[in-house]
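One structure is given below, encoded as structure tokens.
The values are calculated or read from the model by the stated rules, or taken from the named source; none is laboratory data. Since this is a predicted model, take the numbers as computed values, not measurements. Cβ placement follows ideal geometry from the backbone for every residue including glycine, while neighbour counts extend to all protein chains displayed.
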Amino acid sequence: MRSKVWIAVVAVLLVLSMVGGGIAASVNRKNREAETTTKGEETPEKKPGGKEEPGTKASDETTTEPVTDESTTEEPETKETETKNIDKSKPMVALTFDDGPYEGKTDVILDILEEHPGAAVTFFELGDRMLKYPDIIRREEELGSEVGAHSYGHRRLTELTADQIAEDFKKQQKVFQEILGHDMTVYRPPYGKMNADVHAQIKAPLIIWTVDTKDWSHDNAQKLIETFKKEGANGMLDGKVVLMHSTKDSTVEAMKTVVPWLIDEGYQLVTVTDLARYGYDTEMKAGKDYGYKFFTGLGAAKQE
Ligand SMILES: [Zn+2]
């Protein structure tokens, strides 16, 4: 069947080419002219893997990266924010962990979160450590947690010049682009220290905290658990941002009890961005700070 069709097609083409040889030639020339002009117009925008073989390799290599970046960053991000299953009428708390990532600690926190689908936290990570453990950073985001920035190398920003702050910020922003393919969403300045230069140079919302657990001051998991049971009873942590550190084994150990306890108490574990968005109906702005005066707590407001 197929071969017969092909023979017929070839025969028709032969006849046509003999009859209209002259016409075909001029048409062909016109087509080619049209092709070259449209190609010339398109190349600056697209570079669609043209027929010109020699010399295109170098430019092809440089164009492939941004193209894939665009397609991967846009799609999943918008979907994620839309599918968040957060109940505004129920208590929500934002646990935050600074100074990571640490192998054997941050990944253990992630293991705990993974056992409780929907539970998310925010990690305020250091740029130089992010480069050491890019897989941990990507897993944080994959599990629905938020990767925040905590400067590149934990220098006290208020002791730097405006240019140095800007440089530190850009250096870490580049790390975010390299590992996650997008800009940072939130930033916590080291030691919570800020001044006018920090507000001007850090192009992300500046997040402080409502509750400082002081987990850095001891190695006692039980003490941290008790802090949560005291601060978190009766929905008192609703709407609050809790400061902890991913540098401490005792903090990681405590989370094995604290995470399920908070969930049993009716808390939704949410990221800082989602706490602002769903708890306070606020899209946080770059360069503005959000601390205990903003994350005041929602429990009292609900009782009124
Ligand atoms: Zn820190």
(request) Report yes if LYS256 is touching a residue at least 12 places away in the same chain (Cβ under 8 Å) and over 21 Å from GLY192 (Cβ atoms), otherwise no. (result) yes
(request) Residue by residue through region 169-207, note down the ones that are within 15 Å of the ligand (Cβ to nearest atom) and surrounded by fewer than 20 Cβ atoms within 10 Å (Cβ to Cβ). (result) PRO190, TYR191, GLY192, LYS193, MET194
(message) Can you say whether GLY239 is surrounded by 22 or more Cβ atoms within 10 Å (Cβ to Cβ), in a loop (DSSP other than H, G, I, E, B) and either touching a residue at least 40 places away in the same chain (Cβ under 8 Å) or in contact with a Cys (Cβ under 6 Å, 6 or more places away or on another chain) (or both), as far as the supplied structure shows?
(response) yes
(message) Looking at region 92-103, I want the residues that are at pLDDT 95 or above and part of a loop (DSSP other than H, G, I, E, B) and have a partner that is of a type outside the set (S, T, N, Q) and within 13 Å of the ligand (Cβ to nearest atom) with Cβ atoms under 6 Å, at least 6 apart or on another chain. Which pairs are those?
(response) PRO101/GLU125; PRO101/ARG129
(request) Kindly indicate whether ILE225 is more than 26 Å from the chain's Cα centre (by Cα), in the same structural domain as GLY148 (by TED's automatic domain parsing) and not charged (D, E, K, R). (result) yes
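Per-residue answers, yes or no, for (1) within 15 Å of the ligand (Cβ to nearest atom); (2) surrounded by fewer than 14 Cβ atoms within 10 Å (Cβ to Cβ); (3) outside the structural domain of THR106 (by TED's automatic domain parsing); (4) closer than 16 Å to GLY192 by Cβ:
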position	(1), (2), (3), (4)
ARG129	yes, no, no, no
TYR133	no, no, no, no
TYR152	yes, no, no, no
THR158	yes, no, no, yes
ILE165	no, no, no, yes
